Amino acid sequence: LRPRDGDGDPQTATGAMDDRKKIGIGLTSFGCGFTALGVVFFFDRGLLAMGNLMFLSGVTLTIGPKQTVKFFVRPRNQRGAFCFLFGLALVLYGWPFIGLLVEGYGFVALFSAFFPTVLIFLKRVPVLGSFLSLPGVKHVTTSIIGKSQTLPV
């Protein structure tokens, strides 16, 4: 018998990278890319909408549907989730600039707990680590990271 996680997928309890997670990470990356292109092309509604939908479906595939719902309905994440989804609705409705602003606030409110971990990881990447160690940038990253200087894993 293989170990199973909460979604019933084999091998994910052991930390193996299955195809669903690989596709999820790819969709999340493409979602960020399409959103960036939408901003570059003067808040193009179609690119922003595709980027948002790819990002959400990528996160869902990466961590699983049950965990995604749990993440969005946690009491401390509800304001961020509402703003993120309301911003997505505004983008889809045809107000991309205002929708992206509301969505940006929701994104920061939802994922701000992950920023220190991401910065600690990025400090270990060769080129980015040296950039993050520059005097002005180091002050900002140290204030975001706080006292924790190690990865939680």
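Some notes on this structure:
- Per-residue 3J(HN,Hα) values for segment 71-76, derived from phi via the Karplus relation 6.51 cos²θ - 1.76 cosθ + 1.60 with θ = phi - 60°, read 5, 6, 9, 4, x, 6 Hz in sequence order (x marks Gly and Pro).
- Inter-centroid distance (Cα atoms) of segment 28-60 relative to segment 86-139, Å: 14 Å
- Nearest-0.05 FRET efficiency for residue 76 and residue 139, computed from C-beta distance (R0 25 Å): 0.35
- Surface exposure of the chain, expressed per residue as accessible area with a 1.4 Å probe, stands at 65 Å².
- Label-to-label distance, nm, for residues given as residue 89 and residue 40 (7 Å Cα→Cβ offset): 3.2 nm
- Dipole magnitude of the chain about its Cα centre (Cβ charges: Lys, Arg +1; Asp, Glu -1), debye to nearest 20: 460 debye
- Expressed as a whole percent, the accessible surface of the chain that belongs to carbon and sulfur atoms is 72, based on a 1.4 Å probe.
- Whole-Hz ³J(HN,Hα) from phi, Karplus 6.51 cos²θ - 1.76 cosθ + 1.60, for segment 77-91, glycine and proline x: 9, 5, 5, x, 5, 4, 5, 4, 6, 5, x, 4, 5, 5, 4
- From its DSSP helices (H runs of at least four residues, each -39,500 (n - 2.57)), the chain gives a residue-normalised ellipticity at 222 nm of -23000 deg cm²/dmol.
- Highest-first arrangement of 74-84, 121-131, 95-105, 16-26, where packing means the average Cβ count within 10 Å: 95-105, 74-84, 16-26, 121-131
- Against the set (1) 25, 18, 12; (2) 25, 25, 16; (3) 36, 25, 12, the structure's computed semi-axes √(5λ) of the Cα gyration tensor in Å falls on (2).
- Net length gained if the chain between residue 23 and residue 130 were fully extended (0.36 nm per residue, minus Cα distance): 35.4 nm
- Descending by average beta-carbon neighbour count within 10 Å, the peptides 137-144, 109-116 line up as 109-116, 137-144, the highest first.
- With R₀ set to 25 Å, the beta-carbon distance separating residue 53 from residue 122 gives a calculated FRET efficiency near 0.40.
The values are calculated or read from the model by the stated rules, or taken from the named source; none is laboratory data. Small disclaimer: the values here were computed from a predicted structure and weren't measured. Positions of Cβ are backbone-derived with ideal geometry, glycine not excepted, and every protein chain shown enters the neighbour counts. Protein only, heavy atoms only, side chains kept; ligands, DNA and RNA dropped before computing areas. Shrake-Rupley method; radii C 1.70, N 1.55, O 1.52, S 1.80 Å.
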